[in-house]
Amino acid sequence: MAWKRVNNKGNSNSNILKWDTPGKIVEGIWNGISEGRFGELGDIGGTRFPLLTVLDRALREISVGTKVKATYIGWATSNKGTQYKDFNVDIDE
């Protein structure tokens, strides 16, 4: 048996969306959750992104195959004073 080296030194996170600009929208078919290098990733229409708490709570309730639109609103502050990234998540009926 021969061994073949697999290249694992590439930048595998280069195609991960960053939620950095309020108003940023990702729209498409919800493909579900997968494990990423640094935690769980969501996938809408082939665009992968970190599952921040607000997104995680909303998207776990949606069936794979549903048309979804996620909109990054910006930073918000919880009742306890903690800042978090806030989103609107809509589905196509």
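The values are calculated or read from the model by the stated rules, or taken from the named source; none is laboratory data. Here the structure is a predicted model, which means the values were calculated and not measured. All accessible areas refer to the heavy atoms of the entire protein, side chains included, with ligands and DNA or RNA removed. Shrake-Rupley method; radii C 1.70, N 1.55, O 1.52, S 1.80 Å.
A few notes on this one:
- Test: GLY39 is farther than 21 Å from GLU93 by Cα and at pLDDT 95 or above: no
- Of all residues in segment 27-70, those being in a strand (DSSP E or B) and open to solvent by 60 Å² or more (accessible area, probe 1.4 Å) number 9.
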